[in-house]
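Report on one structure; see the data block that follows.
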Amino acid sequence: MYNCPERECPQLAIIIPCYNEELCVKTTADQLIYVLKDLISKGKIKDTSYLYFIDDGSKDSTWNIIEDMHKSNPIIKGTKFIRNYGNQRALMAGLESVNKLGCDCVVSIDADLQQDERAIEKFIDEYMKGYDIVLGIRNDRNTDSFFKKFTAEAFYKTMKLLGANIPMNHSDYRLVSKRTLDIMDSYQEKLFFLRGFFNEVGLPTTHVSFNVKKRMAGESKFNFSSLMALALNGITSYSVVPLRFVAVLGFFMAFFGFAVGIETVIEKLFWHNSPNGWATNIIVMCAFGGIQLFCLGIIGEYVGQLYREVKARPRYIKDKELI
Ligand code: UDP
Ligand code: MG
């Protein structure tokens, strides 16, 4: 166990990104308020603890519901983005906003409450032991489709191979301390990959396992292209191994080309063999063409990453805020 000085009873903020979650948001708020009240009555968190919703540019009535809830219960706070920025930026906004509003630790959880909210108590227990990052690890992936299981596994394995060892089966359900938020503030990257950051920052980290439920209502907001974008951002912001791979591959290919060239010259000069094998030619051309395009693509991803970072556009723009 990690040893650190005793911590005081924390002010907890729970951040909840929502995109078109009108069917879930009210029930989710009720259940999370129940969790907060329970923890307050047990003396585990301060009574100033609160919920913070981030409406990621929903097109349905999600924001109206949040506003109504805030009017009747100021424990519910939130912000609305000017447009949809995606779940990672919504999470970032949540973390940055509650750090400004004030809190000792923050838990992020999905609006569909697929993650068992009762694990929050265990998160707090670990925080009190001195951990700065408590990762929620799902017990199984039974609620996921075959496709999602397969792509998630491929992603984690690729990341591991590329040197960023992100814990398997950790979604964005976690607790982080104020200290972590302050360190995060000093990172200037615009395209922030949260799971990579929490993994590499080096603060005392532990895990808590939890059960995954079925989505309460509505549909998953992730599709193939948004998952791919998340995975590519994860890879290009935390690993340069693919670039090295391109360089090494290029070297071997050049060596191979050189050897084949010498062999052809020798054949021509000493054995007077005229070239035959049109097919071989085409195959080699295609193979080289393919490899070059693939490598260009990898480099292009990194150039794209640089391009977006250099422009330094704001990560998100808030339209409204309820505090
Ligand atoms: N979400 C978001 N912006 C988006 C997509 C999703 O804020 O562009 C939120 C969504 O409302 C939910 C969380 O991110 O609270 C996880 O999304 P979802 O449950 O659809 O993902 P899944 O559980 O299927 O991976
Ligand atoms: Mg979900």
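The values are calculated or read from the model by the stated rules, or taken from the named source; none is laboratory data. Treat the numbers as computed from the prediction; the structure is a model and nothing was measured. Glycine also receives a Cβ, built like all others from the backbone with ideal geometry; neighbour counts cover every protein chain displayed. Side chains are part of the model used for accessible areas, which takes the heavy atoms of the whole protein and leaves out ligands, DNA and RNA. Shrake-Rupley method; radii C 1.70, N 1.55, O 1.52, S 1.80 Å.
Results, tabulated for the structure shown:
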| item | result |
| --- | --- |
| Phe245 touching a Cys at 6+ places or on another chain (Cβ under 9 Å) and either on the phi < 0 side of the Ramachandran plot or among the acidic types (Asp, Glu) (or both) | yes |
| Counted residues, region 271-295 - those being open to solvent by 80 Å² or more (accessible area, probe 1.4 Å) and either under 30 Å from Ile235 (Cα atoms) or modelled with pLDDT of 80 or more (or both) | 5 |
| Residues (under 16 Å from Asp56 (Cβ atoms), among the β-branched types (Val, Ile, Thr) and either modelled with pLDDT under 95 or part of a helix (DSSP H, G or I) (or both)) located in region 1-39 | Val25, Thr28 |
| Matching entry among Leu101, Leu95, Leu91, Leu12 (being in contact (Cβ under 8 Å) with a residue 60 or more places away in the chain, closer than 20 Å to Leu194 by Cβ and surrounded by fewer than 16 Cβ atoms within 10 Å (Cβ to Cβ)) | Leu101 |
| All helices (runs of 4 or more DSSP H) inside region 69-172 with 2 or more residues being more than 13 Å from ligand 1 (Cβ to nearest atom) and touching a His at 6+ places or on another chain (Cβ under 6 Å) | none |
| Flag for Met253 being open to solvent by 40 Å² or more (accessible area, probe 1.4 Å) and either part of a helix (DSSP H, G or I) or of a type in the set (Val, Ile, Thr) (or both) | yes |
| Members of region 40-68 that are hydroxyl-bearing (Ser, Thr, Tyr), part of a loop (DSSP other than H, G, I, E, B) and either crowded, with 20+ Cβ neighbours inside 10 Å or in contact with a helix residue (DSSP H, G or I) (Cβ under 7 Å, 6 or more places away or on another chain) (or both) | Ser49, Ser58 |
| Matching residues, region 208-222, being out of contact with any strand residue (DSSP E or B) (no Cβ under 7 Å at 6 or more places or on another chain) and more than 16 Å from Glu21 (Cβ to Cβ) | Asn211 |
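Rundown of residues vs (1) among the hydrophobic types (A, V, I, L, M, F, W, C); (2) modelled with pLDDT under 95, yes/no style:
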{"site": "Phe53", "(1), (2)": "yes, no"}
{"site": "Ile66", "(1), (2)": "yes, no"}
{"site": "Asn73", "(1), (2)": "no, yes"}
{"site": "Ile76", "(1), (2)": "yes, no"}
{"site": "Phe81", "(1), (2)": "yes, no"}
{"site": "Ser97", "(1), (2)": "no, no"}
